[in-house]
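Student: This is the structure, below, for whatever I ask next.
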Amino acid sequence: MDETSDEQAAVRIAGAVREWDLGATCLAALAVVTDGAAGGDLAATARAVMAAAGLGDVLADPPRMPFSAEQVHGMAASPLLQATALVSGSHADWSAHSDETLIAQGRASASAATLFTTFVLPHFAGFADRLARPGARMLDVGTGVGALAIGYAQAFPQLHVTGLDVMPRVLRLAQAQIEASPVAERVEVRQADVAELADEAAYDLAWIPAPFIPQPAFSNGVARIAAALRPGGMLMIGHGIYEGTELENAIARFKTVGYGGTPLDGESAARLLAAHGLTAIRRIQLPPGAPGLTVGLR
Ligand SMILES: C[S@@+](CC[C@H](N)C(=O)[O-])C[C@H]1O[C@@H](n2cnc3c(N)ncnc32)[C@H](O)[C@@H]1O
């Protein structure tokens, strides 16, 4: 490489790092603004960053957004903490993540119930009524700290949610979060591998996130969940989105490998649901940043 190309390479690397640092720092500012404990100059300067980034109005006091401040804090902190785990080499196994990372990831997924009511239910007439009936049950696979499970129980006052996870430490965190929630009597967690789920015709709604569940547990798990649904019950598969730019697709694969999960696209998710006898299969369009979602009915 001659001197000019060295100079060009330096400018390109430094320019790329600066651009990506702006994005990472915006996430950090969003996490600070939505952290109830942050104050003083730090919170004031973080608010200025958010105003300059165009989010001043939605983060105003009181905020004008469909998510709680705690959920947005998780949405902002979770990618930063997980990226830190990728950098430090402690990533492939969820048990290597700190409690803080697990709780932030949980808070990010707590908004799932809001996305479900806004983007999924309108496509399935009568399904909201089904979830509103006494005895309605949901299965949350890979429940983590139980935030998604708690979010659904709060959104549907009759719904009983069972969370499965393989990791004892995360289930202890989940138990504490559930006990501190107003829906403790309707959320339970079990230490179990989804591949060994033995329930039959027990649930109206089930969720499994492919990017977080390794093979072969994911494929075996989908088969077990299909059998565990009540007739007419809904299985939601969270999956990657590989329909973006080359960079977005490469990042999606990098993150899935980092999580030790299953790289699956929407078409493969739809084929899997069909192979297990589900019908009314539909790809749901969610807002940018949310995972891919494909659903079907038993
Ligand atoms: C990102 S976390 C899910 C976050 C969760 N939605 C919350 O609200 O906290 C993914 C979880 O999947 C769990 N997991 C991985 N493989 C599993 C399996 N075979 N069966 C059940 N859970 C599994 C991991 O232990 C991890 O806690």
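The values are calculated or read from the model by the stated rules, or taken from the named source; none is laboratory data. None of these values were measured; they are calculated from a predicted model. Glycine gets a Cβ as well: all are built from the backbone with ideal geometry, and neighbour counts include every protein chain shown.
Student: Tell me which residues, restricted to the stretch 129-143, are in contact (Cβ under 8 Å) with a residue 60 or more places away in the chain and either among the β-branched types (Val, Ile, Thr) or within 16 Å of the ligand (Cβ to nearest atom) (or both).
Tutor: Initial filter on the stretch 129-143 (in contact (Cβ under 8 Å) with a residue 60 or more places away in the chain): 130-131, 136-142.
Listed by number, the residues that qualify are MET138, LEU139, ASP140, VAL141, GLY142.
Student: Can you spot a residue in the stretch 195-212 that is over 13 Å from VAL141 (Cβ atoms) and within 10 Å of the ligand (Cβ to nearest atom)? Reasoning before the result, please.
Tutor: Keep residues of the stretch 195-212 that are over 13 Å from VAL141 (Cβ atoms), which gives 198, 200-202, 204.
Those still in the list that are within 10 Å of the ligand (Cβ to nearest atom) too: none.
Taking every residue of the stretch 195-212 in turn, none turns out to be over 13 Å from VAL141 (Cβ atoms) and within 10 Å of the ligand (Cβ to nearest atom).
Student: Taking the stretch 86-108 only, how many residues are among the small types (Gly, Ala, Ser), closer than 20 Å to ALA290 by Cβ and touching a residue at least 60 places away in the same chain (Cβ under 8 Å)?
Tutor: Total satisfying the criteria: 1.
Student: For the stretch 67-116, give me each residue that is loosely packed, with under 14 Cβ neighbours inside 10 Å and either on the phi > 0 side of the Ramachandran plot or not small (Gly, Ala, Ser) (or both). Lay out the reasoning, then the answer.
Tutor: First, the residues of the stretch 67-116 that are loosely packed, with under 14 Cβ neighbours inside 10 Å: 87-89, 93, 95-96, 98-100.
Scanning the stretch 67-116 gives VAL87, GLY89, ASP93, ASP99, GLU100.
Student: Please give the number of the condition ALA201 fails out of (1) without any contact (Cβ under 8 Å) to a residue 40 or more places away in the chain; (2) under 30 Å from SER98 (Cβ atoms).
Tutor: So the condition that ALA201 fails would be (2).
Student: Of (1) under 23 Å from ALA110 (Cβ atoms); (2) in contact (Cβ under 8 Å) with a residue 60 or more places away in the chain; (3) of a type outside the set (A, V, I, L, M, F, W, C), GLY261 satisfies all except one. Which?
Tutor: With respect to (1) under 23 Å from ALA110 (Cβ atoms); (2) in contact (Cβ under 8 Å) with a residue 60 or more places away in the chain; (3) of a type outside the set (A, V, I, L, M, F, W, C), GLY261 is out only on (2).
Student: Go over the candidates ALA77, ALA83, ALA29 one by one and state the one that is in contact (Cβ under 8 Å) with a residue 12 or more places away in the chain and in contact with an Asp or Glu (Cβ under 9 Å, 6 or more places away or on another chain).
Tutor: Details: ALA83 fails: in contact with an Asp or Glu (Cβ under 9 Å, 6 or more places away or on another chain); ALA29 fails: in contact with an Asp or Glu (Cβ under 9 Å, 6 or more places away or on another chain).
Every option except ALA77 fails the conditions.
Student: So is THR143 under 24 Å from ASP199 (Cα atoms), of a type in the set (S, T, N, Q) and either surrounded by fewer than 18 Cβ atoms within 10 Å (Cβ to Cβ) or in the same structural domain as SER181 (by TED's automatic domain parsing) (or both) or not?
Tutor: Details: under 24 Å from ASP199 (Cα atoms): yes; of a type in the set (S, T, N, Q): yes; either surrounded by fewer than 18 Cβ atoms within 10 Å (Cβ to Cβ) or in the same structural domain as SER181 (by TED's automatic domain parsing) (or both): yes.
Taking the combined requirement at face value, the residue satisfies it.
Student: Just checking, does the stretch 249-258 include any residue being aliphatic (A, V, I, L, M) and either surrounded by 15 or more Cβ atoms within 10 Å (Cβ to Cβ) or not assigned by TED's automatic domain parsing to the domain that holds ASP129 (or both)?
Tutor: Start the filter on the stretch 249-258 by keeping residues that are aliphatic (A, V, I, L, M), which leaves 250-252, 257.
Next, from what is left, pick out any that are either surrounded by 15 or more Cβ atoms within 10 Å (Cβ to Cβ) or not assigned by TED's automatic domain parsing to the domain that holds ASP129 (or both): 252.
The answer is yes; a qualifying residue exists.
Student: Pairs, please: C-beta under 6 Å, at least 6 apart or cross-chain, first residue in contact (Cβ under 8 Å) with a residue 24 or more places away in the chain and more than 16 Å from ALA113 (Cα to Cα) and in the stretch 275-298, second among the hydrophobic types (A, V, I, L, M, F, W, C) and surrounded by fewer than 13 Cβ atoms within 10 Å (Cβ to Cβ)?
Tutor: Short answer, once both residue conditions are applied: none.
Student: Quick one: would you say GLY126 is in contact (Cβ under 8 Å) with a residue 12 or more places away in the chain, surrounded by fewer than 24 Cβ atoms within 10 Å (Cβ to Cβ) and away from the ligand (no atom under 16 Å from the Cβ)? If you could, list the steps in order and put the result at the bottom.
Tutor: Values: in contact (Cβ under 8 Å) with a residue 12 or more places away in the chain: no; surrounded by fewer than 24 Cβ atoms within 10 Å (Cβ to Cβ): yes; away from the ligand (no atom under 16 Å from the Cβ): yes.
Judged against the criteria, GLY126 is not a match.
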